[in-house]
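J.: Just dropping this structure here.
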Number of protein chains: 2
Amino acid sequence: MASDHTRSAILAAAERLYADRGFGDVTLRDIVAEAGVNLAAVNYHFGSKDELIAELFVTRSIATNRERLRELKAAEEEGGGRAPIEVILRALVGPTLRGCLGPENQRSTAARFMIRASIESVPPIRRIKNREIDHLRKFAGAMRRSLPDRSDVDVYWGLNFALAMAHHTIRESERLTKLSEGKCDLDDVEDVVARVVSVATMALTAGRTEQKAPSKVAAR
Amino acid sequence: MASDHTRSAILAAAERLYADRGFGDVTLRDIVAEAGVNLAAVNYHFGSKDELIAELFVTRSIATNRERLRELKAAEEEGGGRAPIEVILRALVGPTLRGCLGPENQRSTAARFMIRASIESVPPIRRIKNREIDHLRKFAGAMRRSLPDRSDVDVYWGLNFALAMAHHTIRESERLTKLSEGKCDLDDVEDVVARVVSVATMALTAGRTEQKAPSKVAAR
DNA sequence: TTGCAATTCAAACAGTTGTATGAAACTATC
DNA sequence: GATAGTTTCATACAACTGTTTGAATTGCAA
């Protein structure tokens, strides 16, 4: 195993190049040139180009998911198995938004790579994203426990819309900045999180009795 | 010009193949084989592969945009230059959702092509989407007129969230169906439109005076 | 029919791609 | 310091890509 020098040089170079130029026009030769290693090193250490991309994405992605679950678990434990919907939603979209937006993150290689991965959708990344459903089910479960009066359908739609706002804002952050002529401050991540959580909460609680003090305990 | 037979055969074959297999692994040779024409015909009639893709996307895209503007204009004229925010939002997301979702559209080639174009993002399509900002500005303007009390920033965020919910639902419709075990009915397009419009409206009107009966008529 | 332009065609081009190979260099163990 | 295992390297491979070429064919007007 030795020093891992070549291996991590490839990972770093690949992440930087993909972040800068996208998956479409970065070749293995570009990567090994940037990393200062031999062409065959990629296949030796990773097996194939797709597995290299997959490893890059998986690394960042499990970090985000772990943080999401950590926040979710903390919230549910504090509330005795039932967390306020705002906190659940914040655990869902917060880590993702914080990982991609913000003044310092915006320029970090990892952040720009994840934005790329969210815009362009190459096969190895798509395969990984498809496995994310089980992860989302945990949030759907927590949301159901938080809003027992709400129908499953409404909960799923709320989850869908929350993810929609978070991911779309990341993906189209440049366009929103241009459209609003800089008036929408995407560097203020916590403001963005608050907006998404606020709207998603309204989507999930509108037209029902106030969750904080449920008056209808009839059918549960 | 003659019969356009070859030209339209290429367009139809390309749209079908891209819809089925995505942009990533469909070559010009696949397209001309499906269309039953010669390989050189693509470059003869379209100039390049990218221009073929661009023409496919532009055709469907201007149809949607025209319908959006038609609905917007009709709404504003009826309201004497100021339309209810719900109607504006419906004009914004309705045509897009109707074009991609629904039981019959879902399987139409055109619909599946547009879903593909929304998932994978190839350069020629991205270039066209970037020109869409001027189009969105018209909706931002209408929304500002509809909600004069609302700050520009809030309006832009509302517009952003409305598009987010519509596009994400289209893009991830399969995942939502799987996650909800079929409970979320994406074939009922009008229900989806209503949900998106409803949430976006809440996002734009929450914490303010009711729009239907504005009490502050100070300016104007 | 003749002539001319538009279209189609087979074939080749020029370049790029990810991957495989086998020898060379290195590293650590005994 | 010889040896076995790991890692690096230059190079070749094989296949695929969009595009071009120039000749053949077609269709229409004179």
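The values are calculated or read from the model by the stated rules, or taken from the named source; none is laboratory data. Every value quoted in this text rests on a predicted model; they were computed, and no experiment measured them. As a convention, Cβ positions derive from the backbone with ideal geometry for all residues, glycine included, and neighbour counts pool all protein chains shown.
J.: Quick one: in segment B:19-51, which of the residues that are within 14 Å of another protein chain (Cβ to nearest Cβ) and part of a helix (DSSP H, G or I) is nearest to DNA strand D (Cβ to nearest atom)?
T.: If we filter segment B:19-51 for residues that are within 14 Å of another protein chain (Cβ to nearest Cβ), which is where we start, we get B:21-26, B:49-50.
Those still in the list that are part of a helix (DSSP H, G or I) too: B:21, B:49-50.
Working: B:ARG21: 11, B:LYS49: 4, B:ASP50: 6 Å.
Out of the qualifying residues, it is B:LYS49.
J.: Scan B:ALA14, B:ALA40 and give me the residue that is surrounded by 13 or more Cβ atoms within 10 Å (Cβ to Cβ) and over 15 Å from the mean Cα position of the chain (by Cα).
T.: Answer to the selection: B:ALA14.
J.: Restricting to segment B:71-86, name every residue that is among the charged types (D, E, K, R) and either touching a residue at least 60 places away in the same chain (Cβ under 8 Å) or surrounded by 15 or more Cβ atoms within 10 Å (Cβ to Cβ) (or both).
T.: Listed by number, the residues that qualify are B:GLU71, B:GLU76, B:ARG82, B:GLU86.
J.: Continuing with this model, one more query. Just give me the residues in segment A:5-18 being within 8 Å of DNA strand D (Cβ to nearest atom) and either of a type in the set (Lys, Arg) or free of Cβ contacts under 8 Å to residues at least 12 places away in the same chain (or both), in sequence order.
T.: From segment A:5-18, those within 8 Å of DNA strand D (Cβ to nearest atom) are A:5-7; that's our starting set.
Those that are within 8 Å of DNA strand D (Cβ to nearest atom) and either of a type in the set (Lys, Arg) or free of Cβ contacts under 8 Å to residues at least 12 places away in the same chain (or both): A:HIS5, A:ARG7.
J.: Would a scan of segment A:75-91 turn up a residue that is at pLDDT 95 or above, within 20 Å of A:ARG131 (Cβ to Cβ), more than 16 Å from DNA strand D (Cβ to nearest atom) and assigned by TED's automatic domain parsing to the domain that holds A:ILE125?
T.: yes
J.: A further question follows. Does segment B:137-145 contain at least one residue that is of a type in the set (Lys, Arg) and touching a residue at least 12 places away in the same chain (Cβ under 8 Å)?
T.: So far as segment B:137-145 goes, yes, one or more of its residues are of a type in the set (Lys, Arg) and touching a residue at least 12 places away in the same chain (Cβ under 8 Å).
J.: If you don't mind, another one. Can you work out which of the residues in segment A:188-199 that are free of Cβ contacts under 8 Å to residues at least 60 places away in the same chain and touching a helix residue (DSSP H, G or I) at 6+ places or on another chain (Cβ under 7 Å) is surrounded by the most Cβ atoms within 10 Å (Cβ to Cβ)?
T.: Looking at residues that are free of Cβ contacts under 8 Å to residues at least 60 places away in the same chain and touching a helix residue (DSSP H, G or I) at 6+ places or on another chain (Cβ under 7 Å), I get A:VAL199.
J.: I would also like to ask the following. Among the residues of segment B:94-112, is there at least one that is in contact (Cβ under 8 Å) with a residue 60 or more places away in the chain and in contact with a Phe, Trp or Tyr (Cβ under 6 Å, 6 or more places away or on another chain)?
T.: No, because not a single residue in segment B:94-112 is in contact (Cβ under 8 Å) with a residue 60 or more places away in the chain and in contact with a Phe, Trp or Tyr (Cβ under 6 Å, 6 or more places away or on another chain).
J.: Here is a further query. Within segment B:148-187, can you find the residues that are in contact (Cβ under 8 Å) with a residue 40 or more places away in the chain, surrounded by fewer than 21 Cβ atoms within 10 Å (Cβ to Cβ) and under 23 Å from A:ARG150 (Cα atoms)?
T.: Within segment B:148-187, B:SER173, B:ASP187 qualify.
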